[in-house]
Amino acid sequence: MRIYLILFLFIWSFSLSANHIKKGFKELEACNYSYALAHFQKGIKKHTAVAAYGMSRLYLSPAKYNIDSCYKYLLMSEQSFSLLDNNKREKIKVYTCDSISIAQMKMSVSQLFFDQLVVYPTLSLTNEFITKHSWSDRIPMAIDIRDSFLFASIVLTNLSSYFQDFMTSYPTSKYKDEAKRKFNSCQYNELTASDQVDDLEAFLKNYPENPYCKEVEYRLYTRFTSTGDVDEIAYFVRHFPLLKTAQLAWRKLFYLYVKDYSLNSIQDFKATYPDCPFMNEIEHEISLFKTTFYPFKLGDKFGFINNNGEVVIPALYEEVSSFKEGLAVVLSSDLYGAIDKKNQKLIDFQYDNMEDFNWGRSIVEKKGIFGVIDRSGDFVFPLEYQDIGWLSDSLLYVKKNDLFGIYDINNIKQCELFFEDIIPFRNNIARVVIAGKIGYIDRQFSMVLPAEFEDLVSFTDSSFVYSVGDKKGLVFTRDLVKTGAVYDEIFPIQTGIAMVRVKDKIGYIDAAGNLMLALQFEQFTNYTKVGAFTDRGAIVRKKNKFLLIDTKGKVLLTLPYELIGECGDWIPCMKNFKWGFINPSGKEMTLFEYDFVEKVTNNLYIVEKAGLVGLFSTYGTFVLPLSYASIEKLENNLFLVEDGNGFGICTTEGKFIVPTSFQKITYYDQDTFELYSQHSISYYLIKSGVSINPK
């Protein structure tokens with residue numbers, strides 16, 4: 001009887017709790033949340049899966065909203081549901097409590113937690129979400145948030161060990177690549193901060209996979225090459241032969257060693273560094289050194305030919321200079337660079353202007369800013385100056401902040417003074433401006449003349465013409481002795497005597513400034529050209545008469561003509577507005593029929609008549625007849641002659657070595673003429689008489 005009683009009570013209580021579940025869902029549907037909660041609580045012990053499911057739904061309602069409680073009872077429902085047999089699962093389907101509904105609700109609840117996380121993200125909440133919501137499709141996003149928190153904190157430490165731990169702990173993180181980059185950077189900075197050669201070398205040895213090895217190689221390269229010391233560079237190439245920068249260092253060593261680019265220096269390099277890896281190139285360099293390259297033109301482009309006229313560098317460039325120190329400055333796409341004789345680009349095309357190399361240096365300009373590079377293209381003077389130029393063979397002036405300084409080719413300051421202006425050295429002195437006043441310095445950078453003059457013009461090796469207002473005098477570098485500033489003009493000294501002028505009167509002084517011939521002579525049209533003393537005397541005018549006088553003022557010859565030209569073996573004179581010639585005795589040697597005369601040697605004059613010029617000899621004959629458009633005296637006793645066909649070159653005997661058939665003729669070098677035709681350039685070698693024409 002007792003057993004039946006117990007069984008009855010169990011069935012009754014189970015039926016009662018089932019009734020609570022039914023009432024709970026009914027109250028839930030009616031939004032009577034408190035009643036629903038009470039019924040679910042009473043039925044949860046016997047019907048845990050469905051009651052907990054109902055409570056989780058209840059806690060999503062607006063009145064009882066609590067996603068933590070919802071989450072708690074949802075997990076309780078899922079766990080209990082997994083223990084039910086099929087019959088019991090079928091019975092609670094009426095309340096939509098099944099595995100699919102529970103799973104869908106879990107996803108919805110997880111989304112609510114994730115939405116909260118996005119609004120108020122913290123590392124602890126993110127880790128909690130990842131731990132408690134492993135089923136959520138938002139886990140990848142949560143992991144990214146977690147990793148971003150961790151990565152940001154590690155970035156603040158900026159230590160390689162932290163980045164390494166991160167990569168080990170989170171190998172699939174989207175930040176793994178950035179962590180790897182940061183790790184490499186920190187490792188590089190930490191292990192090479194000392195900048196000691198041993199530490200840099202150890203880094204290369206121990207961490208060859210670190211991409212900053214390239215930076216370390218360059219630091220070592222710069223460490224040993226930046227000073228331009230050949231011994232330092234030689235140590236580098238031999239101690240670090242496997243580095244990629246070793247090749248660059250070898251070439252820099254070569255360029256510095258042969259900075260004068262002489263055959264002797266190239267051969268000496270070959271003997272000193274037999275282990276140079278590009279010895280074959282040096283052999284070729286020696287062979288090229290002995291070959292002169294000449295620019296040639298094809299269409300609107302320029303290239304180079306050799307002595308035989310064969311094209312050795314194609315016409316690829318808009319402009320080319322001649323080769324100097326083994327390099328030619330060329331223009332390509334409106335930018336300048338430099339090539340060698342193998343047409344290898346040694347200096348990138350990047351400059352708006354670029355000068356020929358001198359002492360292994362080239363002055364370059366970019367956007368109005370100047371610098372100096374060496375033969376390898378490295379900057380010796382950075383690109384930051386207002387102006388740079390040559391003061392002498394091995395000295396440069398540089399302008400910065402509107403002041404000029406003096407430096408050697410290695411960017412070592414040579415003079416403590418800075419100037420407002422400076423003119424290159426001439427006769428071992430250079431003109432400078434300090435505080436608006438002019439002075440001169442010597443090659444030891446001592447003031448030969450203090451900067452206290454309004455103007456200074458060289459007079460002799462030891463004296464200058466100075467100005468005070470409109471008046472001029474002489475100042476001597478020895479003891480700074482001055483003559484009075486009494487002249488309106490002091491002209492260049494010739495044969496130890498110089499003309500001086502006061503108003504319209506001319507006189508003569510000696511090198512010491514002493515007045516040799518008083519201010520008694522009159523100005524005339526070309527007195528500045530013919531009034532200076534030569535070994536034949538000076539032409540002066542007195543009382544409207546032209547005179548030839550000696551240094552004592554003695555009249556050697558009276559010249560009753562309208563104007564006198566420069567004296568040679570004969571004297572050009574004008575009569576009735578036409579030029580002719582007299583001899584030193586005053587005898588008229590030619591008719592007065594020329595419109596213009598110009599002395600070129602003591603016995604040769606260029607004469608003009610009716611718009612045509614010729615070359616006249618004081619032997620009374622024409623070296624070149626009066627049939628040319630122009631004649632110009634050149635060096636080497638040669639003349640540039642133009643007629644209707646073009647320009648040519650002839651000798652003092654009237655022999656044409658270059659016919660008059662060229663559009664332009666210029667000096668290529670001291671022994672070579674550059675001959676321009678409409679579509680090409682050819683060359684004439686003066687000493688050998690050989691012509692070079694492109695083939």
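Listing for the model above:
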{"item": "Count - residues of region 605-630 that are over 15 Å from GLY644 (Cα atoms) and under 51 Å from the mean Cα position of the chain (by Cα)", "result": "3"}
{"item": "Tabulated pairs, region 663-683, first farther than 14 Å from PHE647 by Cβ, second of a type in the set (D, E, K, R) and part of a strand (DSSP E or B), C-beta under 9 angstrom, 6+ apart or interchain", "result": "TYR668/GLU674; HIS679/LYS297; SER680/LYS297; TYR683/GLU674"}
{"item": "From SER467, SER463, residue being within 27 Å of THR551 (Cα to Cα), touching a strand residue (DSSP E or B) at 6+ places or on another chain (Cβ under 6 Å) and free of Cβ contacts under 8 Å to residues at least 60 places away in the same chain", "result": "SER463"}
{"item": "Strands (runs of 3 or more DSSP E) wholly inside region 338-404 containing at least 1 residues that are crowded, with 18+ Cβ neighbours inside 10 Å and of a type in the set (Phe, Trp, Tyr)", "result": "345-351, 369-374, 379-385, 395-400"}
{"item": "Breaking point among (1) at pLDDT 90 or above; (2) surrounded by fewer than 14 Cβ atoms within 10 Å (Cβ to Cβ); (3) more than 30 Å from VAL216 (Cβ to Cβ), for HIS239", "result": "(3)"}
{"item": "Hey, GLY439 in a strand (DSSP E or B), touching a Pro at 6+ places or on another chain (Cβ under 6 Å) and closer than 26 Å to TYR487 by Cα or not", "result": "yes"}
{"item": "Among residues of region 471-527, those that are surrounded by fewer than 16 Cβ atoms within 10 Å (Cβ to Cβ) and in a loop (DSSP other than H, G, I, E, B), counted", "result": "17"}
{"item": "Among the residues listed as THR168, THR131, the single one being within 25 Å of SER69 (Cβ to Cβ), of a type in the set (Ser, Thr, Tyr) and in a helix (DSSP H, G or I)", "result": "THR131"}
{"item": "Unmet criterion (only one of (1) among the hydrophobic types (A, V, I, L, M, F, W, C); (2) buried (at least 16 other Cβ atoms within 10 Å of the Cβ); (3) touching a Pro at 6+ places or on another chain (Cβ under 8 Å)) for PHE464", "result": "(3)"}
{"item": "Among residues of region 444-461, those that are outside any strand (DSSP E or B) and at pLDDT 90 or above, counted", "result": "5"}
{"item": "Only listed residue being in contact (Cβ under 8 Å) with a residue 40 or more places away in the chain and surrounded by 15 or more Cβ atoms within 10 Å (Cβ to Cβ), chosen from ILE422, ILE409", "result": "ILE409"}
{"item": "Top-ranked residue of region 170-214 - restricted to ones that are touching a helix residue (DSSP H, G or I) at 6+ places or on another chain (Cβ under 7 Å) and among the basic types (Lys, Arg), ranked as nearest to ASP147 (Cα to Cα)", "result": "LYS174"}
{"item": "Elements of type helices (runs of 4 or more DSSP H) in region 10-108, at least 3 residues being in contact with a Cys (Cβ under 8 Å, 6 or more places away or on another chain), surrounded by 13 or more Cβ atoms within 10 Å (Cβ to Cβ) and without any contact (Cβ under 8 Å) to a residue 60 or more places away in the chain", "result": "48-58"}
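The values are calculated or read from the model by the stated rules, or taken from the named source; none is laboratory data. A quick note: this is a predicted structure, and the numbers were derived from the prediction, not measured. Every residue, glycine among them, receives a Cβ derived from its backbone with ideal geometry; neighbour counts consider all protein chains shown.
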